[in-house]
Structures are given as C-alpha cells and as structure tokens.
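Written out below as structure tokens is the structure these notes cover.
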Amino acid sequence: MTDAVTGTLLEAVAQGLRTIELGQPLFTGMPCSPNHPGFRMTLARRHGDMMRPDGGSASNEVIITGGHVGTHIDSLSHVSHNGKLHGDIDADAAQRGGKFSEHGAEKIPPMITRGVLLDVAGTKGVDTLEPGYGVTEADLIAAAERAGVRPEAGDVALVRTGWARNFDDAATYLGHDTGVPGLTVDAASWLAARGVVATGADTTAYEHIPAGAGHRELPVHRVLLVENGIYIMEHLNLEQVAAAGLAEFLFVVAPLRIVGGTGSPIRPVAVVGA
C-alpha cells in the first residue's frame with residue numbers, strides 16, 4: 001500500500017524531474033589538497049587482454065584515492081580539537097585499529113532535503129571572489145536576502161564563491177601563494193545557529209585560506225565538525241545551479257558507507273522540475 005507522502009513523491013517524478021550536477025568529475029591529475037593522496041585511475045584489464053570463447057571481452061580499472069579528494073563529504077571523525085571529536089569523544093581511543101570506531105563515514109546519513117544556495121559571488125556582482133577573501137556572516141545574510149530564502153534547521157547550505165571556475169588550473173585553484181576564498185568563523189557560526197545539517201562550498205578546504213597560509217589552521221572545521229556536528233562538503237561545482245537562478249531545490253546525496261572512514265567521495269545533485 002502506498003502512503004500519502006510516497007504517492008506525492010511518485011506523482012512529482014511522473015510529472016518530470018531533472019538533475020543538476022553539484023560536483024566535479026574525478027580524473028587523474030585533478031587538483032588535490034597537499035594533505036591528501038591524489039586520485040589515480042588506470043585500466044587493469046583492456047579489451048583484448050582476455051578473449052572469451054564467444055568473442056566477448058571485458059575491461060576494468062584500478063582506482064586509488066584519498067577520502068578527501070574531489071567532491072567529498074567530511075565525516076565527524078575528520079577533525080579533532082584538543083584531542084576530542086564531536087560529542088567529547090576521545091580521538092585517540094576512537095582511531096585505534098586503523099579505522100574509527102566512532103563517527104566513521106558509514107554513519108553519515110543519506111541526505112534528501114532542501115538545499116539553499118548562498119551565492120556570495122553573485123551577490124557581489126562578480127564571477128569569482130578575490131583570492132583569500134574571507135566570507136563573513138554579513139556576506140551570507142546578504143546572499144540569503146538576495147535569494148529571498150534563508151537556511152533553516154535540517155537544510156543543506158551551499159556557498160558559492162565562483163572558485164570552481166579555476167578547477168582546470170590546479171595552481172590557481174589550490175591557491176597556495178594567492179589564497180583561496182572561503183568562510184570565516186563568524187559565518188560558520190551563523191550557519192550552525194541556523195541548524196543546518198550540512199554545508200559545502202566550491203573550494204578545496206571550504207574555509208578562508210589567506211595567501212601563503214596553506215591549510216595550517218582550519219578553525220571553521222572545528223566550529224562545524226567538532227563543536228556542532230555539521231558535515232562539510234568540498235570541491236563542489238555550483239556554477240550550473242547558480243546560472244539556473246535557483247535559490248532552493250531538493251538536494252540529494254548518498255555518501256559511501258566506508259566503515260571507520262574520515263570522509264567519502266560523493267556525487268551531489270539538485271533535483272528540480274523538468
């Protein structure tokens with residue numbers, strides 16, 4: 001028997017839906033944080049290496065990647081502060097045995113919820129924020145007012161800096177010498193106060209990276225992951241959803257259930273009417 005909610009969802013599907021990609025493709029040589037092993041893929045078997053009696057042939061690949069490479073989500077075990085994970089869990093005890101016994105990636109729930117786009121670059125009338133620009137609480141509020149929608153409890157808040165436009169230029173995108181735009185602590189605290197379940201941005205580290213600073217300090221990760229239990233997504237591509245003029249949409253993502261992992265590759269999508 002179909003309940004009312006399921007029936008409504010199926011009716012919406014029957015009327016036609018389309019998806020908008022919110023992530024980046026995975027390929028060998030793609031930009032990657034220096035703190036993580038990069039993505040590599042090669043064919044382990046090529047067509048013709050082995051031929052079946054009926055003339056059939058198969059090919060497959062080997063993939064090597066870190067959990068925080070490409071478009072991904074951080075589990076709550078990714079960052080600790082003063083030796084503690086979210087919920088005052090001892091980080092050292094939790095990480096023994098080569099995997100996390102608490103807050104592993106397998107605990108990240110699938111998310112089918114409202115996504116809210118906070119287009120900071122668009123609000124400022126630029127394609128891309130300046131390198132090393134710190135996105136403030138005031139910037140997020142201005143973007144929300146421009147969109148006519150604010151993130152609420154249970155939402156996923158996506159912050160557009162325009163930095164995805166640099167993805168094909170690894171040196172610029174990683175911004176070691178010039179910095180990378182991203183959220184400041186007050187902006188993260190504003191999102192936490194709104195009660196979002198997760199947040200993401202179109203950069204390698206989500207937060208404000210000053211010129212030459214690298215990833216030496218990541219205070220926004222502490223605020224979101226450790227203090228508030230809010231998941232972080234990085235390396236998003238928000239250009240298409242921004243170009244479509246969407247301020248809110250159905251956000252769908254299902255992280256891989258990597259037992260004891262600190263993160264997972266993801267393929268997030270916005271679902272909208274056809």
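The values are calculated or read from the model by the stated rules, or taken from the named source; none is laboratory data. Since we're looking at a predicted model, the values are computed, not measured. Positions of Cβ are backbone-derived with ideal geometry, glycine not excepted, and every protein chain shown enters the neighbour counts. Areas reflect the complete protein model, heavy atoms only, side chains present, ligands, DNA and RNA absent. Shrake-Rupley method; radii C 1.70, N 1.55, O 1.52, S 1.80 Å.
Of note:
- Among the residues of segment 230-246, those that are in contact (Cβ under 8 Å) with a residue 12 or more places away in the chain and open to solvent by 20 Å² or more (accessible area, probe 1.4 Å) comprise Y231, N237, E239, Q240, A242, A244, L246.
Conditions (1) touching a helix residue (DSSP H, G or I) at 6+ places or on another chain (Cβ under 6 Å); (2) part of a helix (DSSP H, G or I); (3) open to solvent by 10 Å² or more (accessible area, probe 1.4 Å); (4) in contact (Cβ under 8 Å) with a residue 12 or more places away in the chain, marked per residue:
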| residue | (1), (2), (3), (4) |
| --- | --- |
| T199 | yes, no, no, yes |
| A211 | no, no, yes, yes |
| V220 | yes, yes, no, yes |
| V223 | yes, yes, no, yes |
| V226 | no, yes, yes, yes |
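- Filtered by the rule that a residue be part of a strand (DSSP E or B), under 25 Å from P34 (Cβ atoms) and open to solvent by less than 50 Å² (accessible area, probe 1.4 Å), segment 47-97 gives H72, I73, D74, L85.
- Counted residues, segment 23-42 - those being open to solvent by less than 80 Å² (accessible area, probe 1.4 Å), under 15 Å from I63 (Cα atoms) and in contact with a strand residue (DSSP E or B) (Cβ under 7 Å, 6 or more places away or on another chain): 1
- Residue ID - surrounded by the most Cβ atoms within 10 Å (Cβ to Cβ), chosen from residues in segment 156-184 that are farther than 11 Å from T204 by Cα, modelled with pLDDT of 95 or more and of a type in the set (A, V, I, L, M, F, W, C): L183
- For segment 224-274, the set of residues classified as basic (K, R) and at pLDDT below 95 is empty.
- Long-range neighbours under 9 Å by Cβ, at least six apart or interchain, first residue charged (D, E, K, R) within segment 184-197, second open to solvent by less than 30 Å² (accessible area, probe 1.4 Å): R194/P151; R194/D155; R194/A157
- A205 meets the conditions (1) surrounded by fewer than 24 Cβ atoms within 10 Å (Cβ to Cβ); (2) modelled with pLDDT of 95 or more; (3) closer than 21 Å to G162 by Cβ in every case but one. The failed one is (2).
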